[in-house]
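Scroll down for the structure; my scribbles are underneath it.
The values are calculated or read from the model by the stated rules, or taken from the named source; none is laboratory data. All figures in this text were calculated on a predicted structure; none of them were measured in a lab. Here Cβ is always computed from backbone atoms with ideal geometry, including for glycine, and neighbour counts include all displayed protein chains.
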Amino acid sequence: MSALWKCIAMVVISFLLLVSCERVIQVDIKEEPLKYVVEGILTDDSTCRVRLSQTSHFYDTINLRGVSGARVTITEEGKQPVVLSASNNRGEYSAPFTGVPGKTYHLRVEYKDATTDHVFTATSTMPQKVKLDSLYVSERIFLGKMRMIAAIRYKDPPAPGNAYRYVQRVDGELETTVFVTKDDLINGRTVVDELLIFNDEYTLKKCDQLNVELQSIDQPVYLFWYSLNQGSLGSSQSASPGNPASNIKGGALGYFSAHAVSSLHIAVFPDSTCSYSPESSRR
């Protein structure tokens, strides 16, 4: 047999051995104890809601299970607690309560499961409102493609220590990208920010209804969103990503944010071909 045929025979035999040796490997994943998650929001525009949920195991099809039957209160410093009522059976609680910038609020969640009485608490101080001056659409090359991106403009106050989160919605749908910043490098300046979304296909489109909300948040809430974003991007210096920094005490994950909001709404390059009125509104 020639050297060429010997080589071909060896390749064929190796391939057959590889195919015949395929097997299914079952990975043994150690399941961690389930954790409760608290997501609390109080704003100066009548939003007051808290969601209590529980994490799930790796192979569960539900990521967060709502927890009903808890007692939830929010208390403004020096005043009586406001009791939040269950909005549904998905662990959501709400109340007709409006926060005031400059005031400090205390969240308390009490829940008894089959084995333990849980008490989760958090404190958040609502910063003064910083208003959006303008919202517009910026056209630029990003990730190698021409895109239309939301851009905002606002004036950071002279006093240092301000932090912000931007929330974008297009046609009512929430964008899950975390936009968060603080005024270490922009203190007292006029700020122009583009809401860059790292997605190869993303761009705003003509006739889109665009809404951006500027949240003035305190430092512990900024740290939560910043650490959550760093973990999702894989930019943490730790060997493996951990849970985001939380201002919830008592063993739960999550956050409680008392923040002031300013939002603007525009239609993206509206004209007669759009199927809605191209009027914009401002709050």
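What the table below lists for this structure:
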read-out	value
Residue identified as more than 16 Å from residue 222 (Cβ to Cβ), modelled with pLDDT under 95 and touching a strand residue (DSSP E or B) at 6+ places or on another chain (Cβ under 9 Å) among 147, 153, 169, 189	147
Residue in region 243-257 that is modelled with pLDDT of 90 or more and more than 29 Å from residue 49 (Cβ to Cβ) present	no
Leading residue by the ranking (surrounded by the fewest Cβ atoms within 10 Å (Cβ to Cβ)) among those in region 80-125 that are over 13 Å from residue 70 (Cβ atoms) and either of a type in the set (Phe, Trp, Tyr) or in contact with a Pro (Cβ under 6 Å, 6 or more places away or on another chain) (or both)	97
Within region 58-130, strands (runs of 3 or more DSSP E) holding 1 or more residues that are at pLDDT 95 or above	71-76, 82-86, 92-94, 104-112, 117-125
